[in-house]
Every structure is written in C-alpha cells, then in structure tokens.
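Participant: Below is the structure I would like to discuss, written out as structure tokens.
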Amino acid sequence: MNIIINGKTCHAVEGQTILQTAKANGIYIPSLCWHEKVGAAGKCRVCVVEVEGMRGLQTSCSVVVKEGMKVETRTEKILEAQKMIVDLLLSNGRHDCISCAQNGACELQDVAYYLGIERGSMVYHDLEDNRDESSEFISVDRTKCISCGRCVAACQNTVTNDVLDFGWRGHGTEIVFDADKPMGESNCVQCGECSQICPVGAITDKKAKGLARPWETRRTVTVCPYCGVGCQIAVHTDRLTGKIVKTTGVETAATNKGMLCVKGRYGYDFVEHPDRLKMPLIRKDDGTFREASWEEAIQTVADRLRDIRDKHGADSIMALASAKVTNEENYTFQKFIRTVIGTHNIDHCARL
Ligand code: FES
C-alpha cells in the first residue's frame, strides 16, 4: 500500500507502523524506546507525528499504517512536543557526553542534535551518583538511564533471562536486577544484551571503556569463535592499532538476531594474550615443549598415528572433533578418521 509522509508517497507494507514505514523510506522520525527486536513500548513519546483524521499527536511506533494515510513528522506542534520531551530527559540525568562511553553512538544525543537542543534547561545539580560496577563486564550508570525499558524487554522477552526489571515507583523508578540486588550478585549471566540494546550510556561494556571512540573503530562481521551455534559477531577494532575495542551481536543475523552469550561478547582476550599458541609445539623427552614447523608437527602426528594403528589396530585410536571449527572441517575430520584411519571412534565436543 501507499501512505503519504510529509507530502511524499511512501510504499508501506501491511502491519507496519508509521515509524517502520518512515525508516524504510529514508524519513527520520526520532525514537528512543522502540527497537526492532522488542517492538513498541510507547514510553518515551519522542516519535510523535500528526495523522490526518486522528486527534492529537500519535506515537508513530505504535500506529499501524492504513492505505492512503497522511502523516506529518515535522510540524511546529510536533517539534515543540519532541523538544519538551527531550529537554526533560536531558534535565533528568547526568548526560555528560564528553566522558560518556556511548558518545557518538547515543540515540539521545542524535535526537537532541536533530532538535537543536544543547542541554537540558532544568538540570538537577544534586543527582545522586547511582552507578553499579559490581559485575564483571557491564557498567550501569542510572543517572544516564531514560527509563525506555528496552533493556528490560530484551532481558525478559528476547534472551528470557528475566533479571532486569523496573523497580520502585514514580520519580524513584529505576532499573533493578532481581529483587534490587547489585548486578554482580544477581542471576545476570552477563550476556550483554542489555548493553547492546541500551540507546544511551546507562548500560555499557566495561572492557571497551577508555578505548577508541565509535567513530575511531572499524566494524568487521565474522562468526563467533566459540561453540557450534555460529552466532554472527561484529568485531569493533581500533583503526590505528587494530586492537579489539569490543564485540557486538549482528542484529540482522538469522542465527542469533544480535544476541550473544558472555563468551562471544566478552571472551576475546585470547586474541592478544601473550600465552596464545601461534606455533605447533612438540613435547620433548623431558616433558617440556619446543616450537616446531607445521610440516614437522604434521609429519610427527602422522607417523605416531600410523605406528599406533599398525601396532594396536585402528580401533585403538579415537578422535574428538570441535565445535570451534567449521562444519566443513568437521566433515573432513570424520571422513579422515573413518576412511584413512579406519575407525568409527569419532565424536564431537558438543555432545558433552
Ligand atoms: Fe515511540 Fe518511544 S519510540 S514512544
């Protein structure tokens, strides 16, 4: 179907919201609590638009399109409402962008910029420092939280860990973990979904702090090096040093839809670790190891396997394949064990 946004005919798909149609047609409507994965929350009200025939301002993230619908996104009335909302959000927190880890990737910053707001006009100076640094990998700074609820929806409905929730009431409403425990003492498994979906700097990755800013990084999409699920990860590396700043889940990947487990998201230290094996090692007679070339190592393994098979038979050998390598490599490995070695003693670590 077609709808008209700001006088422009836009193609829309049945069931889409106005916000989704606008996005698909390259029209920016500011939004904060809406996220593709958790849907409309109707909390922030930043996405308001005017729809012909409907009274008052409508939240574009929740109104579904109808054939011929006429929508305006930038009237004086809309901009005035949006400015007031963003002004209140900025006033109600400590949004010190210079030191914030999310600077450059903050959706509130983008909306404020779009609306031409430099700072909240009613800034509280006595905001209580309400941080939670108790967990291993995630920093929580509640003074930057805009109560959009994306992290809560993600924790409860997307990854279904059910740890995050809104606690308390009214002005005192804040994100809590379990029954208001420090995050590090809660049942949180540090999957980092809340950090990835947070539109501001309230929930951020500890390991990325102080490293390159978002605009100084290069994003490379690859597959997580851990288990066999094959989650897609984006590795953000410092353009100057090439070192990893952080990893995020790829939202468009069918395998994991942006979600990761703690290993995929935060377990990348091995890349730069001084103990990382870069050369094959062969054990000497005294039990210690010496470095060897690949040719020597492969020849040694081949000789030893042949000796064992010749002396004790093929069934004296067993092989354990790995979830960390590709499907094709696992296939080749089992083929090698069955047809070259001659045994069915082949298993896979994923069965553990
Ligand atoms: Fe629509 Fe928040 S994005 S109400």
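The values are calculated or read from the model by the stated rules, or taken from the named source; none is laboratory data. Since this is a predicted model, take the numbers as computed values, not measurements. Don't worry about glycine lacking a Cβ; one is built from the backbone with ideal geometry, like all the others, and counts go over all protein chains shown. To get the accessible areas, we keep the full protein, side chains included, count just its heavy atoms, and leave off ligands, DNA and RNA. Shrake-Rupley method; radii C 1.70, N 1.55, O 1.52, S 1.80 Å.
Participant: What list of whole percents do you get for P(r) of the chain, with Cα-Cα distances grouped in 10 Å bins up to the one holding the largest distance?
Facilitator: 5, 18, 25, 21, 13, 9, 6, 3, 0
Participant: Continuing with this model, one more query. With all protein chains present, calculate the accessible area of HIS348 using a 1.4 Å probe and round the result to the nearest 10 Å².
Facilitator: The value for HIS348 is about 50 Å².
Participant: Take every Cα-Cα pair in the range 260-352 and report what % of them are more than 22 Å apart.
Facilitator: Working: 2076 of 4278 pairs.
Of all Cα-Cα pairs in the range 260-352, 49 percent lie more than 22 Å apart.
Participant: What is the set of long-range amide H partners of ILE203 at a cut-off below 5 Å, with H atoms built 1.01 Å from backbone N?
Facilitator: Close amide H contacts, sequence-distant or interchain: ASP141.
Participant: Let me ask something additional. Please list, in chain and number order, the residues 5+ apart from VAL245 or on another chain whose amide H is under 5 Å from its amide H, with Hs placed from the backbone.
Facilitator: HIS236, THR237, ASP238
Participant: Just to check I understand the Karplus step: with θ = phi - 60° and J = 6.51 cos²θ - 1.76 cosθ + 1.60, what whole-Hz values come out for the range 257-264, glycine and proline as x?
Facilitator: 3J(HN,Hα) across the range 257-264, in whole Hz: 6, x, 7, 9, 9, 4, 5, x.
Participant: Can you pull the percent of the chain's accessible area that's carbon plus sulfur, 1.4 Å probe, other chains left in place? Intermediate results must be reported in sequence, preceding the final value.
Facilitator: Numbers: 10660 of 20300 Å².
Using a 1.4 Å probe with all protein chains present, the chain comes out at 53 percent carbon and sulfur.
Participant: Then there is this: Give me the Kirkwood hydrodynamic radius of the range 10-99, using the inverse of the mean 1/r over all pairs of distinct Cα atoms, in Å to one decimal.
Facilitator: Values: mean 1/r = 0.0720 Å⁻¹.
Taking every pair of different Cα atoms in the range 10-99, averaging 1/r and inverting gives 13.9 Å.
Participant: What do you reckon, how do ASP178, ASP165 stack up by accessible area (1.4 Å probe), largest on top? Write down the numbers at each step before the final one.
Facilitator: Working: ASP178 45, ASP165 70 Å².
Result, largest first: ASP165, ASP178.
Participant: Now for a different question. How tilted is helix 76-91 with respect to the longest principal axis of the chain? Cα atoms for both, answer in degrees (0 to 90, nearest 10).
Facilitator: Result, in degrees: 60.
Participant: If you don't mind, another one. When Lys and Arg each count +1 and Asp and Glu each count -1, what net charge do the other residues less than 14 Å away from ASP162, Cβ to Cβ, add up to?
Facilitator: Values: positive: LYS181; negative: ASP165, ASP178, GLU193.
Taking every Cβ under 14 Å from that of ASP162, the sum is -2.
Participant: In terms of solvent-accessible area of protein heavy atoms at a 1.4 angstrom probe, what is the ranking of GLU76, GLU296, highest value first? Write out the running numbers ahead of the final one.
Facilitator: On the way: GLU76 160, GLU296 70 Å².
Final ranking, largest accessible area leading: GLU76, GLU296.
Participant: Once R0 is set to 41 Å, what does the formula 1/(1 + (r/R0)^6) return for the Cβ-Cβ distance between ASP165 and ARG119, expressed as a FRET efficiency to the nearest 0.05? Write out the running numbers ahead of the final one.
Facilitator: Working: r = 31 Å, r/R0 = 0.75.
Result of the calculation: an efficiency of 0.85.
Participant: Report D for the range 30-75 in µm² per second (integer): Stokes-Einstein, Kirkwood Rh on Cα pairs, 4 °C, 1.567 mPa s.
Facilitator: On the way: Rh = 11.1 Å.
Value of D from the Cα-based Kirkwood radius: 116 µm²/s.
Participant: Here's another thing I want to ask about it. Explain nothing, just the number: relative contact order of the chain, from Cα pairs under 8 Å at least 6 residues apart, as a whole percent. Write out the running numbers ahead of the final one.
Facilitator: Numbers: 607 pairs, mean separation 36.2, N = 352.
Relative contact order for the chain comes out at 10 percent.
Participant: How would you rank 149-155, 132-138, highest first, on the average number of other Cβ atoms within 10 Å across their residues?
Facilitator: Details: 149-155: 23.0, 132-138: 17.1.
Most protected by this proxy first, the peptides run 149-155, 132-138.
Participant: Can you give the accessible area per residue of the chain, in Å², using a 1.4 Å probe? List each step's numbers first, then the result.
Facilitator: Values: 20300 Å² over 352 residues.
Solvent-accessible surface per residue comes out at 58 Å².
Participant: Now for a separate question. Can you compute the modelled spin-label distance between ASN130 and ALA24, with each label point 7 Å from Cα toward Cβ, in nm?
Facilitator: Between ASN130 and ALA24, the label points sit 3.8 nm apart.
Participant: Quick one: how many lysine pairs does the range 243-285 have with C-alpha atoms less than 27 Å apart and a gap of 8 or more or different chains? Give me the count, please.
Facilitator: On the way: LYS243/LYS257; LYS243/LYS263; LYS243/LYS278; LYS246/LYS257; LYS246/LYS263; LYS246/LYS278; LYS263/LYS278.
Going through the range 243-285 pair by pair, I get 7.
Participant: How far, in degrees from 0 to 90, does helix 294-312 lean away from the longest principal axis of the Cα atoms of the chain, to the nearest 10?
Facilitator: Tilt relative to the chain: about 60 degrees.
Participant: Pull up the DSSP beta bridges for the chain and report the antiparallel fraction as a percent, rounded to 5.
Facilitator: Numbers: 35 of 40 bridges.
Here the antiparallel bridges make up roughly 90 percent for the chain.
Participant: Please name which of MET1, THR343, CYS61 has its Cα lying farthest along the dipole of the chain towards the positive end, using unit charges on Cβ (Lys, Arg +1; Asp, Glu -1) and the Cα centre as origin.
Facilitator: MET1
Participant: Counting pairs of alpha carbon atoms under 8 Å apart in space and at least six apart in sequence, what relative contact order in percent does the range 89-138 give? Don't skip to the end; give the middle numbers.
Facilitator: Working: 20 pairs, mean separation 27.2, N = 50.
Taking the mean separation of contacting Cα pairs over the length of the range 89-138, I get 54 percent.
Participant: Can you give the relative contact order of the range 281-352 as a percent, counting alpha carbon pairs under 8 Å and 6+ residues apart?
Facilitator: Numbers: 64 pairs, mean separation 17.9, N = 72.
About 25 percent, as a whole number.
Participant: Per residue, what volume in Å³ does the convex hull of the Cα atoms of the range 178-278 enclose?
Facilitator: Values: hull volume 14.1 nm³, N = 101.
Per-residue hull volume (Cα only) is 139 Å³.
Participant: Within the range 277-312, name every residue whose backbone N is under 17 Å away from a label modeled 7 Å from Cα of MET318 along the Cβ vector.
Facilitator: Taking a point 7 Å out along Cα→Cβ of MET318, the residues of the range 277-312 whose backbone N falls under 17 Å are 309, 312.
Participant: Let me ask something else about it. Could I have the simple spin-label model distance between ASP347 and MET279, label points 7 Å from Cα toward Cβ, reported in nm to one decimal?
Facilitator: Going by the 7 Å Cα→Cβ label model, 3.5 nm.
Participant: So, counting K/R as plus one and D/E as minus one, what does the shell of residues with Cβ under 9 Å around PHE177 add up to? Can you show the working numbers first?
Facilitator: Values: positive: LYS181; negative: ASP132, ASP165, ASP178, ASP180, GLU185.
Neighbourhood net charge equals -4.
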